[in-house]
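Contents: one structure, followed by commentary.
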Number of protein chains: 2
Amino acid sequence: MSELPHEELAEERVDEDVDPLAAALKERDEYLDALQRLKAEFDNYRKRVARDQQELVARATERLVKELLPVLDDLERALEAAAEHEEAKLEEGVRLVHRALADALAKEGVAEIPTAGTFDPHTQEALLSQPSEAEEGTVIQVLQKGYLLGDRVLRPARVVVSSG
Amino acid sequence: MSELPHEELAEERVDEDVDPLAAALKERDEYLDALQRLKAEFDNYRKRVARDQQELVARATERLVKELLPVLDDLERALEAAAEHEEAKLEEGVRLVHRALADALAKEGVAEIPTAGTFDPHTQEALLSQPSEAEEGTVIQVLQKGYLLGDRVLRPARVVVSSG
């Protein structure tokens with residue numbers, strides 16, 4: 001977007017002394033012209049933004065999905081090993097799949113919520129409170145792991161807390 | 001964005017007969033004012049768009065990642081079953097994981113590339129050509145499954161083609 005044509009017109013405005021009406025009309029027309037051009041530019045920008053946003057979401061999805069295809073491959077290989085009763089191969093396959101998926105999620109910024117120490121109500125959910133040897137308010141068991149995406153809680157960790 | 005102020009001014013323009021210079025100056029100022037307001041609106045819009053796009057990508061990622069957490073849970077349960085040598089449970093777990101991941105990907109629009117019939121160079125890659133009883137140019141074996149996302153090839157199917 002260019003600057004408003006105010007300054008460009010400074011020189012010409014000297015001519016107002018000669019014919020103020022002609023000068024005012026000229027300025028008026030120039031502002032109207034600038035206004036119409038800016039309006040057209042704005043409209044085009046809006047349309048482009050709508051297209052860009054669809055494209056952006058599509059690319060974000062595509063990138064993540066592409067990373068998951070090898071996970072799907074490994075799972076299928078693990079299932080083939082199971083069908084052939086190759087238990088060691090099956091277990092190894094599951095381990096590979098787990099690592100690949102965990103890595104893909106970590107790459108997206110997903111991190112496990114830590115549960116050692118004192119219960120944290122911002123990232124954890126206490127499902128039970130049980131007497132234990134641990135200090136009151138300490139997490140003593142994790143029933144379901146929790147995950148963060150950046151600083152947002154995707155899912156709180158579901159835990160059992162010591163009642164002392 | 002409001003309409004250009006041209007028409008609103010039509011009534012006032014009748015007064016031009018009374019004082020054409022005053023009328024021209026008034027119009028000039030109104031156009032300049034509209035131009036400045038539109039410029040400010042455009043600037044704000046641009047800033048909002050930049051923020052929105054980040055948010056959009058973050059939400060697209062978050063949605064998909066959230067769907068993958070149960071897959072990760074199932075994988076961990078399968079690994080626990082493996083550690084306890086509960087082979088049937090392990091196999092069942094892998095089956096669950098596979099279905100959950102395949103469902104999550106299908107929901108994103110991912111589909112397997114069909115490989116029955118004649119070789120399709122747009123979605124398949126022929127790694128080998130082998131003599132067989134099948135008609136020449138027919139896919140006789142799939143070495144790696146291929147996937148589409150919508151109408152885009154995420155990964156071609158890698159196949160063996162009959163040389164007749």
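Kirkwood Rh over alpha-carbon pairs of region A:115-164, then Stokes-Einstein at 37 °C and 0.692 mPa s: what D in µm² s⁻¹, rounded to an integer? Intermediate results must be reported in sequence, preceding the final value.
Values: Rh = 10.8 Å.
After rounding, the answer is 305 µm²/s.
Kindly provide the helix-only [θ] at 222 nm of chain A, computed as the sum of -39,500 (n - 2.57) over DSSP H runs of four or more divided by all residues, to the nearest 500 deg cm²/dmol? Before the final figure, lay out the partial values.
Working: 2 runs with 85 residues, N = 164.
Rounded to the nearest 500, the figure is -19000 deg cm²/dmol.
Tally Lys and Arg at +1 and Asp and Glu at -1 over the other residues with C-beta under 13 Å from the C-beta of A:A40: what net charge comes out? Provide the component values of the computation, followed by the final result.
Working: positive: A:R37, A:K39, A:R46, A:K47, A:R48; negative: A:D33, A:E41, A:D43.
Surrounding charge for A:A40 is +2.
Once you treat every alpha carbon in the protein assembly as shown as an equal point and sum by Debye, what is log10 I(q)/I(0) at q = 0.12 Å⁻¹?
-0.95
Identify, among B:P20, B:V139, B:L56, the residue whose Cα sits farthest towards the positive end of the charge dipole of chain B, taking +1 on the Cβ of Lys and Arg and -1 on the Cβ of Asp and Glu, with the dipole about the Cα centre.
B:V139
Looking at this model, which pairs from B:K66/B:K145; A:K107/B:K89; A:K107/B:K47; A:K107/B:K107; B:K39/B:K107; A:K89/A:K145 are more than 32 angstrom apart at the alpha-carbon? Kindly include the intermediate steps, with their values, before the conclusion.
Values: B:K66/B:K145 25 Å; A:K107/B:K89 30 Å; A:K107/B:K47 28 Å; A:K107/B:K107 21 Å; B:K39/B:K107 42 Å; A:K89/A:K145 27 Å.
Violating the 32 Å Cα-Cα cut-off are B:K39/B:K107.
Just for the Cα atoms in region A:29-79, what are the lengths along the principal axes, largest first, rounded to whole Å?
74, 9, 6
Using the 7 Å Cα-to-Cβ label point, sort the distances from B:R99 to its equivalents in the other copies shortest first and give them in nm to one decimal.
Result for B:R99, in nm, nearest copy first: 2.8.
When only C-alpha pairs under 8 Å and at least 6 residues apart count, what is the relative contact order of chain B, in percent? Show your work: numbers first, answer last.
Details: 173 pairs, mean separation 24.1, N = 164.
Computed value for chain B: 15 percent relative contact order.
What are the distances, in nm and sorted shortest first, from the label point of B:E76 to the label points of the same position in each other copy, with each label point placed 7 Å from Cα along the Cα-to-Cβ direction?
2.8
Considering every pair of different Cα atoms, what Kirkwood radius, in Å, is found for chain B? Don't skip to the end; give the middle numbers.
On the way: mean 1/r = 0.0440 Å⁻¹.
By the Kirkwood definition, the hydrodynamic radius is 22.7 Å.
Gap in Å between the Cα centre of region B:31-80 and the Cα centre of region A:71-93?
Value for the Cα centre distance between the two parts: 37 Å.
How much FRET efficiency would the formula 1/(1 + (r/R0)^6) give for A:E84 and A:A126, where r is the Cβ-Cβ distance and R0 is 35 Å, rounded to 0.05? Intermediate values should be presented prior to the final figure.
Details: r = 45 Å, r/R0 = 1.28.
Using R0 = 35 Å, I get an efficiency of 0.20.
Over the whole of A:31-41, what's the average partner chain Cβ count within 10 Å per residue? Rounded to a whole number, please. Walk me through the intermediate numbers first.
Values: counts 10, 10, 2, 6, 13, 4, 1, 7, 8, 0, 2.
The shielding value for this peptide is 6.
Using a Gaussian network model of chain B with C-alpha springs under 10 Å, which one of B:Y45, B:Y31, B:Y147 is most mobile by mean-square fluctuation?
Evaluated over chain B, the most mobile residue of the options is B:Y31.
Distances from B:V18 to the same residue in each other copy, label points 7 Å out along Cα→Cβ, in nm, shortest first?
The answer, with the shortest distance listed first, is 3.1 nm.
With bins 10 Å wide starting at 0, give me the P(r) of region B:80-164 over every alpha carbon pair, in whole percents.
Reading upward from the zero bin: 18, 31, 24, 21, 6, 0.
Which of B:V65, B:V49, B:V153 moves the most in a Gaussian network model of chain B with Cα springs under 10 Å?
Top of the fluctuation ranking is B:V49.
Every read-out reported here was derived from the displayed coordinates using simple, explicitly stated rules and does not represent laboratory data. None of the values given here were measured: they were computed from a predicted structure. Positions of Cβ are backbone-derived with ideal geometry, glycine not excepted, and every protein chain shown enters the neighbour counts.
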